[in-house]
1. Among the residues of the stretch 83-101, is any over 19 Å from residue 115 (Cβ atoms), in contact with a helix residue (DSSP H, G or I) (Cβ under 7 Å, 6 or more places away or on another chain) and either at pLDDT 95 or above or assigned to a strand (DSSP E or B) (or both)?
2. Yes or no: the stretch 52-71 includes at least one residue that is assigned to a loop (DSSP other than H, G, I, E, B), at pLDDT 95 or above and in contact with a helix residue (DSSP H, G or I) (Cβ under 7 Å, 6 or more places away or on another chain).
3. Would you check which residues across the stretch 8-59 are under 24 Å from residue 90 (Cβ atoms), exposed (fewer than 14 other Cβ atoms within 10 Å of the Cβ) and in contact with a strand residue (DSSP E or B) (Cβ under 9 Å, 6 or more places away or on another chain) and list them?
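The values are calculated or read from the model by the stated rules, or taken from the named source; none is laboratory data. Since the structure is predicted, the reported quantities are computational estimates derived from the model, not experimental observations. Backbone-built Cβ (ideal geometry, glycine too); neighbour counts: all protein chains shown.
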């Protein structure tokens with residue numbers, strides 16, 4: 001479920017700044033960055049004082065070297081090809097996320113499919129992540 005920016009729990013960490021994130025991205029950003037989203041306990045309303053901010057980065061080509069990680073961030077890098085194949089973490093992401101950048105709607109279309117075809121039947125099949 002896409003959550004509103006105002007619903008994200010920023011307690012104990014600075015709010016995410018897209019400008020700060022993008023300024024740390026390598027120079028070839030326009031050809032490699034395909035999507036960016038926030039997810040995890042801060043978006044599900046289950047954050048604790050130790051919770052970080054989970055950031056999903058969708059990219060093309062080789063995995064980017066990203067030196068600009070903030071202390072409060074936990075970065076997840078997903079190659080477009082692997083994202084389209086699907087994996088278990090997408091189920092957790094689909095429960096609560098905020099898309100920051102998705103020009104080709106790659107993130108959105110996969111998460112909509114997970115919400116429609118998997119989440120309604122998933123509850124009893126695997127432990128909560």
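1. So the first thing to find is which residues in the stretch 83-101 are over 19 Å from residue 115 (Cβ atoms), and the list is 101.
Applying the additional criterion that residues be in contact with a helix residue (DSSP H, G or I) (Cβ under 7 Å, 6 or more places away or on another chain) yields none.
No, because not a single residue in the stretch 83-101 is over 19 Å from residue 115 (Cβ atoms), in contact with a helix residue (DSSP H, G or I) (Cβ under 7 Å, 6 or more places away or on another chain) and either at pLDDT 95 or above or assigned to a strand (DSSP E or B) (or both).
2. Within the stretch 52-71, none of the residues are assigned to a loop (DSSP other than H, G, I, E, B), at pLDDT 95 or above and in contact with a helix residue (DSSP H, G or I) (Cβ under 7 Å, 6 or more places away or on another chain).
3. Passing the criteria: only 18.
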